[in-house]
1. Need a quick list: helices (runs of 4 or more DSSP H) entirely within region 130-247 having at least 2 residues that are among the charged types (D, E, K, R).
2. Return yes or no: is S181 over 25 Å from I210 (Cα atoms) and either more than 12 Å from the ligand (Cβ to nearest atom) or surrounded by 21 or more Cβ atoms within 10 Å (Cβ to Cβ) (or both)?
3. Can you find, within region 114-173, the residue that is farthest from the ligand (Cβ to nearest atom) among those that are farther than 20 Å from R257 by Cβ, in the same structural domain as S206 (by TED's automatic domain parsing) and of a type in the set (G, A, S)?
4. Tally the residues that are under 18 Å from L190 (Cα atoms) and assigned to a helix (DSSP H, G or I), restricting the search to region 295-316.
5. State whether the residues of region 6-18 include one that is part of a strand (DSSP E or B) and touching a strand residue (DSSP E or B) at 6+ places or on another chain (Cβ under 8 Å).
6. Among V123, V71, V119, which is the only one that is surrounded by fewer than 24 Cβ atoms within 10 Å (Cβ to Cβ), of a type in the set (V, I, T) and out of contact with any Leu (no Cβ under 6 Å at 6 or more places or on another chain)?
Amino acid sequence: MHKIALAGCGRISKNHIEAINQLKSEGLAELVACCDIIPERAIEAAMKVGGECRAYTDYSQMLKETDADLVTLCTPSGLHPYQAIEAAEAGKNILSEKPQGCSLEACDKAIEAADKAGVKYMVVKQNRFNPSIQLLRRAYEQGRFGKSYMILANVLWTRPQDYYDMAKWRGTYELDGGCLSNQASHYVDLVQWFGGEVEDVKALYSTQKIKMEAEDTISVAIKFKTGAIGSINATVLTYPKNLEGSLTILGDKGTVRVGGFALNQIEHWEFADQDPMDEEVKNANEAPKSVYGHGHLPYYRHVLDVLDGKCEPMCTGRELGRLWK
Ligand SMILES: NC(=O)c1ccc[n+]([C@@H]2O[C@H](COP(=O)([O-])OP(=O)(O)OC[C@H]3O[C@@H](n4cnc5c(N)ncnc54)[C@H](O)[C@@H]3O)[C@@H](O)[C@H]2O)c1
């Protein structure tokens, strides 16, 4: 049974606790410690887990005392790499919420620290486990697109000012970033996962409505080393609710668009060849209640497989469009 310690008992921690509780019922993993600088949050999370889960308000103390083999980071994004370094130095494997961090330099240092300590360091990118994205990836790895020409992502969501006012870290460059690194980070990951190494990237962005430091609207243009062109359009200003979270791949022999409000529906699936996987398209659609989707549980199953030496981690900090088997 793997033992997990979790830092940051806010909104997304609930998805983690739910997934870990399911794994506990299967005898695979349990949450043994949780920590938040707001004591009530740590206590509430520990009570939800029950059993031996200990609540802490000090991350360093939790690391010192816990016998967990995995530390999950659900804290404000800019803290992730620094807390990852501390966890690595304590000999713990790390599962960091997305984004990995808010500065490349800090992320590189965390990767180095994990390498030095010989621990695994993974980043939560649960959308890769959506049935729609898994099917798309299989088609891609089988070469059904031929050459990819364009990889396009749209994240047309809405977040009210109240969302940013909920916590001081939101919308700051140091701890969060804007709609690209927060709301669109899964889409940035997917565009790069399918596009591979980037040759050039440019962006135009502005902060038009939300009172925050970082951008509320952005358009990114990418040229991949293969010659393919990528684009990411993201905003939190869509009226009146989330409209679209989509990924479109246009290739020489195939066109696929995965849409819905959060990559949950295959809207277009067309290839020059036929394949038994085409029959799976209608079963790959889901209707999650929130944009977080259902991916945390399958993601944890993957993480446990990595810790058990059954496979290599799919989402490490050094992702470069490498094919995952
Ligand atoms: N995978 C996803 O789809 C997804 C979805 C939402 C959020 N996230 C990510 O999860 C992270 C947290 O987001 P959230 O919406 O849960 O935020 P939140 O503000 O609701 O929760 C963060 C918690 O961390 C606590 N905290 C702050 N500093 C701490 C410290 N030093 N030690 C321990 N606890 C500390 C805060 O008190 C708060 O309770 C962010 O990085 C965000 O990008 C991921």
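1. Details: elements: 131-141, 161-165, 185-195.
The helices (runs of 4 or more DSSP H) meeting that bar are 131-141, 161-165.
2. Spelling it out, it is not the case that S181 is over 25 Å from I210 (Cα atoms) and either more than 12 Å from the ligand (Cβ to nearest atom) or surrounded by 21 or more Cβ atoms within 10 Å (Cβ to Cβ) (or both).
3. It comes out as G171.
4. Number satisfying all stated conditions: 4.
5. Scanning region 6-18, I find at least one residue that is part of a strand (DSSP E or B) and touching a strand residue (DSSP E or B) at 6+ places or on another chain (Cβ under 8 Å), so the answer is yes.
6. Unique residue meeting the criteria: V119.
Quick grid of which residues meet (1) near the ligand (Cβ under 10 Å from one of its atoms); (2) touching a residue at least 60 places away in the same chain (Cβ under 8 Å); (3) closer than 19 Å to S181 by Cα:
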| site | (1), (2), (3) |
| --- | --- |
| G10 | yes, yes, yes |
| H16 | yes, yes, no |
| V32 | no, no, no |
| E40 | yes, no, no |
| M47 | no, no, no |
| T57 | yes, no, no |
| L79 | yes, yes, yes |
| A84 | no, no, yes |
| A106 | no, no, yes |
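Each row is one residue, and each column tells you yes or no for (1) crowded, with 20+ Cβ neighbours inside 10 Å; (2) in a helix (DSSP H, G or I); (3) in contact with a Cys (Cβ under 7 Å, 6 or more places away or on another chain); (4) not assigned by TED's automatic domain parsing to the domain that holds L180.
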{"position": "S60", "(1), (2), (3), (4)": "no, yes, no, yes"}
{"position": "D67", "(1), (2), (3), (4)": "no, no, no, yes"}
{"position": "G78", "(1), (2), (3), (4)": "yes, yes, yes, yes"}
{"position": "A84", "(1), (2), (3), (4)": "yes, yes, no, yes"}
{"position": "C107", "(1), (2), (3), (4)": "yes, yes, no, yes"}
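The values are calculated or read from the model by the stated rules, or taken from the named source; none is laboratory data. These figures come from a predicted structure and were not determined experimentally. Ideal geometry is used to build each Cβ from the backbone, glycine not excepted, and the neighbour counts take in all protein chains shown.
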